[in-house]
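The values are calculated or read from the model by the stated rules, or taken from the named source; none is laboratory data. Remember, it's a predicted structure, so these values are computed and weren't measured experimentally. Virtual Cβ from ideal backbone geometry, glycine too; neighbours counted across all protein chains shown.
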Amino acid sequence: MTGTGSRQDAAIDAAFAGTVGGFTLDVAFQAPLRGITALFGPSGCGKTTILRCIAGLDRVPGRLGVGGEMWQDDSRDLFLKPHRRRIGYVFQEASLFRHLSVRRNLYFGHRRAARRGGGAAIDPDDVIDLLRLGTLLDRAPGSLSGGERQRVAVGRALLSRPRLLLMDEPLSGLDRMAKDQILPYLEALHEALAIPILYVSHDIAEVARLADRMILLAAGRTLAAGPVADILARLDLGPAMGRFEAGVVLTGRVVGHDGRYDLTRLDLAGQGISIPFVDLAPGEEVRLRVRARDVALTTVRPAAISIRNVLSGTVAEIAEEPATAFAETLIDIGGGRLRARVTREAVADLGLAVGQPVYALIKSISFDGGSVRGHPAPPQPDGPAAPIGKMR
C-alpha cells in the first residue's frame with residue numbers, strides 16, 4: 001500500500017481509461033500534494049467524472065496513488081471503497097443537513113472522522129476562524145446565503161480529516177457578487193492548508209485566481225498540464241481555453257499606495273504598473289490576471305494618454321486565426337509574458353513580427369476584483385484568523 005520513494009510518492013498520480021455511463025475517459029496526470037490543481041474545460045469534458053473516479057464513486061479501469069498510497073490499481077485488482085479514501089468532497093450544491101444547525105453540520109463530519117482515525121487532526125476552532133463561521137454556528141442552513149452555505153460545506157469537508165480535498169465547481173451556483181465574497185476564503189485555504197485540492201471549474205477567471213497548476217481537458221482527454229501561468233500563455237490552446245476570456249497570470253510586488261487616487265503601485269519585472277487600491281503592505285506580492293482583450297499594442301511609446309500602464313516588451317509569438325479578423329500575440333515583458341488579442345489588420349499595419357520591440361497598454365480599470373489575488377483577508381467578525389498549524 002505504500003510507495004518506495006519514487007516521484008509518485010510526492011504526488012497524486014492518476015490514470016483512467018474506459019467508459020462510464022456512455023462517456024469515454026482517457027486521462028493521465030500528476031498533481032502535487034500541496035496547493036490547488038484545477039481541472040479545467042468546457043461542460044461535458046470529463047472534469048466531474050475524474051473527481052468521481054478519484055473519490056471511488058465511479059470505477060473506470062486505471063490506477064490512482066496519493067502520496068505513494070495506492071487507492072486503485074487494476075493490474076492488482078485493487079480498489080479502495082470511497083469510505084476508505086479519506087476524501088473531503090465539496091459539491092456544486094452545499095448539501096448540508098437541513099435539520100441540523102451549522103455547528104452540528106460541522107461537528108458531524110468531525111466526530112465521524114475522529115472515530116475512524118487516520119488523517120491529520122484539525123481543530124474545529126481553527127476551521128471556524130479560517131472560514132469566518134463563528135457568527136453562523138447557531139443558524140439553520142435554510143437561513144444562509146449561497147456563499148455562506150458553501151463556506152459551511154467546505155468547513156465540514158475539512159473536518160472530515162481528508163487526505164485530499166475535491167471541489168466540484170463550488171461557485172457555479174452563485175452570482176458574481178457572491179463569488180467575489182467567497183473567493184478570498186478559498187484563497188485563505190490555499191495559504192493555510194497542507195491539503196492538496198483538486199478544483200473543477202469551467203470559469204477561467206476562477207482558475208487564474210486560485211490555482212497553482214491546471215489540467216486542461218477536452219472530450220475526456222488531457223490536452224495540457226502544468227503551471228497555470230505556463231498554460232495560459234500558450235497561444236496554441238486558444239480554442240480550448242475560450243478566446244474571449246483568454247489571458248495570462250503575472251506576479252507583481254507592492255511598491256506603495258497613492259491615497260489621493262486610490263491606486264496601488266506595483267513593480268512588475270522591473271516596470272511600474274498601477275491597479276485599483278489593494279490593502280497590502282509594500283513588498284507583498286499580488287497576482288494579476290490580464291485578459292488578452294484588455295491589452296493594446298503600439299510600436300511607439302504613447303504620450304498624453306489616459307491609459308496608465310505602458311509596458312515595454314518584445315513580440316515573442318504571433319498566431320493569426322484563419323477565416324477570422326483576429327490574431328493572438330505573445331509579448332515578452334521581461335520576467336513575464338502578456339497576451340494581446342488584436343486584428344490581423346493591426347498586425348499588418350504595425351508590421352508586427354517576432355523579435356520586434358513594442359509597448360503594451362493596459363487600463364488600470366481592467367484590474368477588477370476578480371482579476372487580482374492578494375486582497376486583504378476576508379471580513380473578520382470574530383477577530384483575526386490563525387493559520388491551521390496542525391495542517392502544516
Does VAL358 meet the test of being crowded, with 17+ Cβ neighbours inside 10 Å, under 17 Å from GLN271 (Cβ atoms) and aliphatic (A, V, I, L, M)? yes
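Table: residues versus (1) surrounded by fewer than 16 Cβ atoms within 10 Å (Cβ to Cβ); (2) assigned to a strand (DSSP E or B).
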| position | (1), (2) |
| --- | --- |
| PHE16 | no, yes |
| ASP26 | no, yes |
| PHE29 | no, yes |
| LEU39 | no, yes |
| GLY44 | yes, no |
| LEU51 | no, no |
| GLN72 | no, yes |
Exception for ALA178 within (1) in contact with a Gly (Cβ under 8 Å, 6 or more places away or on another chain); (2) touching a residue at least 40 places away in the same chain (Cβ under 8 Å); (3) of a type in the set (Gly, Ala, Ser) falls at (2)
Which condition breaks for THR251 when tested against (1) of a type in the set (Ser, Thr, Tyr); (2) outside any strand (DSSP E or B); (3) surrounded by 16 or more Cβ atoms within 10 Å (Cβ to Cβ)? (2)
Complete set of residues in the stretch 55-100 that are on the phi > 0 side of the Ramachandran plot and touching a residue at least 12 places away in the same chain (Cβ under 8 Å): GLY56, GLY62, GLY67, GLY68, ARG86, SER95
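Test PRO302 against the stated conditions and say whether it is over 31 Å from the mean Cα position of the chain (by Cα), under 22 Å from MET241 (Cβ atoms) and part of a loop (DSSP other than H, G, I, E, B).
Numbers: over 31 Å from the mean Cα position of the chain (by Cα): yes; under 22 Å from MET241 (Cβ atoms): no; part of a loop (DSSP other than H, G, I, E, B): yes.
Here the answer is no, as PRO302 does not meet what is asked.
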Looking at the stretch 124-149, which of its residues are part of a loop (DSSP other than H, G, I, E, B), closer than 18 Å to PHE108 by Cα and in contact with an Asp or Glu (Cβ under 9 Å, 6 or more places away or on another chain)? LEU133, ARG139
So which residues in the stretch 42-71 are in contact with a Lys or Arg (Cβ under 6 Å, 6 or more places away or on another chain) and not hydrophobic (A, V, I, L, M, F, W, C)? GLY56, ASP58
For the stretch 67-100, enumerate the residues that are modelled with pLDDT of 95 or more and under 18 Å from PRO196 (Cα atoms). MET70, TRP71
Which condition from (1) at pLDDT 95 or above; (2) over 26 Å from VAL152 (Cβ atoms) is the one that PHE23 breaks? (1)
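Any residue that is at pLDDT 90 or above and over 25 Å from ALA15 (Cα atoms) - is there at least one of those in the stretch 220-234?
Yes, there is a match, as at least one residue in the stretch 220-234 is at pLDDT 90 or above and over 25 Å from ALA15 (Cα atoms).
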Listed residues PRO276, PRO196; which is assigned by TED's automatic domain parsing to the domain that holds ILE50 and either farther than 23 Å from GLY44 by Cβ or surrounded by fewer than 19 Cβ atoms within 10 Å (Cβ to Cβ) (or both)? PRO196
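Return the only residue of ARG63, ARG59 being farther than 26 Å from ARG156 by Cβ and surrounded by fewer than 20 Cβ atoms within 10 Å (Cβ to Cβ). Working first, answer last.
Working: ARG59 fails: farther than 26 Å from ARG156 by Cβ.
None of the other options fit; the residue is ARG63.
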Restricting attention to the stretch 280-299, which residues are under 23 Å from the mean Cα position of the chain (by Cα) and touching a residue at least 60 places away in the same chain (Cβ under 8 Å)? LEU280, GLU284, GLU285, VAL286, ARG287, LEU288, ARG289, VAL290, ARG291, ASP294, VAL295
Could you please find all residues in the stretch 281-295 being of a type outside the set (D, E, K, R) and surrounded by 18 or more Cβ atoms within 10 Å (Cβ to Cβ)? VAL286, LEU288, VAL290, ALA292, VAL295
